[in-house]
Number of protein chains: 2
Amino acid sequence: MTCAEEYTPQLRARGYRMTPQRLAILHILHHNGGHLSPVEVFDAARRELPGLTEATVYRTLEFLAENHLARPALNGNGHIAYEIARHEHHHLICRRCGNEMEVEHAILKSMYARLESESGYRLTDRHLTFFGLCPDCQKGEL
Amino acid sequence: MTCAEEYTPQLRARGYRMTPQRLAILHILHHNGGHLSPVEVFDAARRELPGLTEATVYRTLEFLAENHLARPALNGNGHIAYEIARHEHHHLICRRCGNEMEVEHAILKSMYARLESESGYRLTDRHLTFFGLCPDCQKGEL
DNA sequence: CTCCTTATTGCAACTTTTTGCAATTGCCTA
DNA sequence: TAGGCAATTGCAAAAAGTTGCAATAAGGAG
Ligand SMILES: [Mn+2]
Ligand SMILES: [Mn+2]
Ligand SMILES: [Zn+2]
Ligand SMILES: [Zn+2]
């Protein structure tokens, strides 16, 4: 299934339009898989679609996140990066060396449940970033 | 105890210097209490200290965070804000209305422990931001 | 108190992100 | 298939954030 076939109906169902700009950006995110900064998305998407502007990239990434096709994440340098929405996971980043690992949402599930029942909020985001020290860097701490 | 009396020894102990710039920014954060964006800090601190530059504000906020005198937090619009380091807590923000509430770290403690043992990381940050829907906005969802 | 070292700041150029508005275009209707 | 309307984009200016480097000044030593 192509990106167009996969994502166009999802947008239409919500009353939005598919555009070449959105498709190019979805295509980049889909085939890259990882986290990309808006600038990285812009550079890549502009190759597929000359004339694309930064403003559109920023607006589109935010739009895709609101519509659950992409997920924003805080990365090590305190900026937001985006990835295509796939399985629910979180990130651990080492403050010292930048090393990063993924954690399945299942591990946090009961904590989410408790947080929801204590606060009354319904938690929608499943893409947190935790900071800490990786095993290697803990040794150097002593 | 004044801000100078409180914070100067903490910086000295780590081998850093207290400066009028750092003191002004600490003073702002300390007496405001809440989350402030770098621009808000800049505007306020500049009143106490004309000549202060944006570059110094950004560098100082990052420096204070690294040294545990301030804590960075992701706020509703996806940007980083800072607050003076006090008790350990997290935030819940409503995606729809922006309503925000604090959650004591105690509630997440066991989840942190599990995450640490499963990953090998030692988690240093105690200032997460969770997004979701507040009780009121859930009603409008139906 | 003065000197010295080097951490820290200001400056200025640059990059990234945001915003209002007019022009464009996706897609629904006929 | 053509027309019309509102969603979406490009443009351009502004705001926010970053960086290298030279000048400044905090605070320890003498
Ligand atoms: Mn991710
Ligand atoms: Mn807080
Ligand atoms: Zn590490
Ligand atoms: Zn709400």
- B:His31 being assigned to a helix (DSSP H, G or I), within 16 Å of ligand 2 (Cβ to nearest atom) and of a type outside the set (A, V, I, L, M, F, W, C): yes
- Query: Are any of the residues in region A:34-51 under 30 Å from B:Pro135 (Cβ atoms) and in a helix (DSSP H, G or I)?
  - Reply: no
- Within the group A:Leu128, A:Leu74, which residue is within 16 Å of DNA strand C (Cβ to nearest atom), within 10 Å of chain B (Cβ to nearest Cβ) and open to solvent by 10 Å² or more (accessible area, probe 1.4 Å)? A:Leu74
- Selected residue (only one of B:Ala55, B:Ala65, B:Ala13, B:Ala4 is free of Cβ contacts under 8 Å to residues at least 40 places away in the same chain, over 30 Å from B:Gln138 (Cβ atoms), open to solvent by 20 Å² or more (accessible area, probe 1.4 Å) and under 13 Å from the mean Cα position of the chain (by Cα)): B:Ala65
- Message: Please verify whether B:Ile80 is of a type in the set (A, V, I, L, M, F, W, C), surrounded by fewer than 18 Cβ atoms within 10 Å (Cβ to Cβ) and at the interface with chain A (Cβ under 8 Å from one of its Cβ atoms), treating the condition exactly as stated.
- Response: no
- Leading residue by the ranking (nearest to ligand 2 (Cβ to nearest atom)) among those in region B:41-69 that are within 13 Å of chain A (Cβ to nearest Cβ) and aliphatic (A, V, I, L, M): B:Ala65
- Query: For B:Arg71, are the conditions met, namely being of a type in the set (Lys, Arg) and more than 17 Å from A:Gly78 (Cα to Cα)?
  - Reply: no
- Message: Among the residues in region A:99-121, are any within 12 Å of chain B (Cβ to nearest Cβ), open to solvent by 20 Å² or more (accessible area, probe 1.4 Å), part of a loop (DSSP other than H, G, I, E, B) and under 18 Å from B:Ser119 (Cα atoms)?
- Response: yes
- Message: Tell me yes or no: at least one residue of region B:109-123 is within 12 Å of the chain's Cα centre (by Cα), within 30 Å of B:Cys3 (Cα to Cα) and either outside the structural domain of B:Gly33 (by TED's automatic domain parsing) or within 16 Å of ligand 2 (Cβ to nearest atom) (or both).
- Response: no
- Note on the structure: Taking region A:84-98 and the residues there that are open to solvent by less than 20 Å² (accessible area, probe 1.4 Å) and touching a helix residue (DSSP H, G or I) at 6+ places or on another chain (Cβ under 9 Å), the one that is farthest from A:Pro72 (Cα to Cα) would be A:Cys94
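The values are calculated or read from the model by the stated rules, or taken from the named source; none is laboratory data. Worth saying up front: this structure is predicted, and the values here are computed from it rather than measured. With ideal geometry, Cβ positions are generated from the backbone for all residues, glycine too; neighbour counts draw on all protein chains shown. Only protein heavy atoms, including side chains, enter the accessible area calculation; ligands, DNA and RNA are left aside. Shrake-Rupley method; radii C 1.70, N 1.55, O 1.52, S 1.80 Å.
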